[in-house]
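To keep things clear, I will list the structure first and then write my remarks on it.
Nothing in this text is a laboratory measurement; each read-out follows from the coordinates by a stated rule. Remember, predicted model here, so these are calculated numbers, not experimental data. Cβ placement follows ideal geometry from the backbone for every residue including glycine, while neighbour counts extend to all protein chains displayed.
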Amino acid sequence: MAEAAMGGNLEHARGRGEGSDVSTISAAEPAGVGLRFEVDGEIATVTLDRPDKRNAQTFAMWSALARIGETLPEQVRVVVVKGEGPSFSAGIDLRMFTPEGVPGQESFASAATLGDTEFEQRIAEAQKGFLWLRRPEIVSIAAVQGHAIGAGFQLALACDLRVVADDVKFCMKEPALGLVPDLTGTKPLADIVGVPRAIEMCLTARTVGAAEAVRLGLAEIAVPTSELAQAVQDLAAALLATDRAAAAATKRLLQAAPGRTLEEQAAAERVEQVARIRALFGAS
Ligand code: ACO
């Protein structure tokens with residue numbers, strides 16, 4: 001499915017070791033998949049690159065995202081996800097709702113004729129493009145300016161952290177279109193803002209701006225648009241200053257904390273700390 005959605009034409013030049021190597025990912029057709037991927041040392045940057053279409057997302061883009069996750073060079077510790085142009089992403093490419101769909105890709109009209117299992121498998125393939133951003137070994141940062149609608153909001157929510165420009169406009173539009181948010185966004189949204197606020201936000205499809213996003217914890221910081229790139233760079237540098245193994249172990253603990261009792265979490269802390277201290281002091 002992934003290769004088919006890519007038109008079978010993914011060229012992926014991997015990183016070539018340590019230092020400031022640069023990797024690129026591109027697809028020759030149809031007109032690329034609208035993504036750029038670069039690796040510079042321990043920082044990888046994924047750029048949604050269809051600014052003329054406000055970075056509208058397609059199955060091919062989600063497949064390419066999944067492939068980036070599968071082939072992420074081992075040295076990468078921070079992944080920045082950003083959008084070219086005035087908007088982070090205006091969500092799903094609305095052509096997917098038309099009978100013709102996006103050229104070379106399956107439309108919803110044809111997908112609707114599939115059996116439940118096969119159809120859910122298609123959605124699972126799309127979700128793969130988002131899920132890898134939560135891996136403990138990396139910290140993902142969404143740099144969000146302008147509109148982040150539907151799939152755009154969900155991509156930002158798929159990241160661990162969100163740095164936003166003061167013109168950001170988050171909107172979960174799926175219910176207004178007769179759909180549910182299904183690109184892994186409902187859990188982080190409910191976890192961050194709480195179920196009542198998430199219901200209100202999704203079912204009214206209202207827009208959430210920068211000040212409210214910071215207040216609700218949907219964004220770590222809001223800055224003027226001209227300072228967005230620098231703010232992300234500063235955050236990445238601060239994250240990279242922390243020991244790699246300690247960062248991954250701490251992220252593992254924090255991610256699991258909401259699903260555990262205090263006693264379970266205390267036990268998990270002990271396990272991680274024993275491993276850390278043994279690693280630091282050389283005993284095994
Ligand atoms: N899918 C396909 N094309 C899009 C999309 C989209 N989601 N969003 C914008 N575009 C295209 C427009 O058709 C237009 O193309 P054109 O220049 O060929 O006419 C171009 O991008 C620029 O769009 P404008 O509307 O002119 O840009 P503007 O900055 O004024 O508005 C906005 C941006 C508010 C994001 C508007 O484009 C919009 O409402 N888009 C649709 C949003 C949407 O409903 N997304 C689906 C959410 S649900 C989900 O993701 C599952």
Handout entry: Candidate set: segment 231-279, residues that are touching a Leu at 6+ places or on another chain (Cβ under 8 Å) and charged (D, E, K, R); chosen: the one surrounded by the most Cβ atoms within 10 Å (Cβ to Cβ)
Key = Glu272
Exercise for the section: Only residues in segment 73-99 that are assigned to a loop (DSSP other than H, G, I, E, B) count as the first member; pair them with residues that are basic (Lys, Arg) and surrounded by 15 or more Cβ atoms within 10 Å (Cβ to Cβ), Cβ under 6 angstrom, at least 6 apart or cross-chain, and list the lot. Expected result: Ser87/Arg54; Ala90/Arg54
Completion exercise
Only unsatisfied item for Ala148, checking (1) outside any helix (DSSP H, G or I); (2) within 16 Å of the ligand (Cβ to nearest atom); (3) out of contact with any strand residue (DSSP E or B) (no Cβ under 7 Å at 6 or more places or on another chain), is (3)
Exercise for the section: Name the residue, out of Phe88, Phe108, that is more than 29 Å from Leu228 (Cβ to Cβ) and within 11 Å of the ligand (Cβ to nearest atom). Expected result: Phe108
Problem - Any pair with Cβ under 9 angstrom, 6 or more apart, that starts in segment 180-193 at a residue that is farther than 23 Å from Thr58 by Cβ and ends at one that is assigned to a loop (DSSP other than H, G, I, E, B) - result: Ile192/Gly217; Ile192/Leu218; Val193/Gly217; Val193/Leu218
Problem - Subset tally (residues that are more than 10 Å from the ligand (Cβ to nearest atom) and closer than 24 Å to Pro258 by Cα) for segment 163-191 - result: 8
Handout entry: Filtered residue count, segment 111-145, keeping only those that are surrounded by 20 or more Cβ atoms within 10 Å (Cβ to Cβ), within 16 Å of the ligand (Cβ to nearest atom) and part of a helix (DSSP H, G or I)
Key = 3
Practice task
Starting from residues that are assigned to a helix (DSSP H, G or I) and of a type in the set (Ser, Thr, Tyr), keep the ones in segment 171-218 and report whichever is farthest from Cys159 (Cα to Cα).
Solution key: Thr204
Problem - Extreme residue, farthest from Ala56 (Cα to Cα), among residues of segment 100-149 that are free of Cβ contacts under 8 Å to residues at least 24 places away in the same chain and of a type in the set (Phe, Trp, Tyr) - result: Phe119
Handout entry: Any chance Thr207 is in contact with a strand residue (DSSP E or B) (Cβ under 9 Å, 6 or more places away or on another chain) and within 16 Å of the ligand (Cβ to nearest atom)
Key = yes
Practice task
Considering only segment 156-195, state which residues are small (Gly, Ala, Ser), more than 15 Å from Phe130 (Cβ to Cβ) and crowded, with 20+ Cβ neighbours inside 10 Å.
Solution key: Ala165
